[in-house]
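Input: a single structure, listed below in structure tokens.
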Amino acid sequence: MPSNQAVKTDTLHKWVGTVIAVFALTWGGLTYYVKAEDRALETQIQIQLDRLNAKQATNDKVNELVITIDKKLSSIESTMRWQQEFVSEVKELRKEVSSLKVELAKRNN
């Protein structure tokens, strides 16, 4: 018959083995769960980053269009000023020509 000490050691080894097995299974389960949650969060974060990047790209395009429109408006304004100045000059020249016509008409009479 085995000694009482050997039975206690054998029982202790079984309990320790059981505790270690339960701990290992629990650890493995928790590790799997944490990794699964981590992958899910990583996917959600990546989706949010993709949305933000798309929004930023859209904002950049809009800003670029606004700048282009502003430049074109400035060009139009400049052209309009130039045309107004040209029209003013033409009016002044027309007045001078009219004055010269009157002078010539007076001299010819």
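Coordinate-derived values only; no laboratory data. These figures come from a predicted structure and were not determined experimentally. No Cβ is skipped: glycine too gets one built from the backbone with ideal geometry, and neighbour counts run over all protein chains shown.
Computed quantities for the displayed model
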read-out	value
Test: W15 is over 47 Å from the mean Cα position of the chain (by Cα) and among the aromatic types (F, W, Y)	yes
Test result for N108, free of Cβ contacts under 8 Å to residues at least 60 places away in the same chain and loosely packed, with under 10 Cβ neighbours inside 10 Å	yes
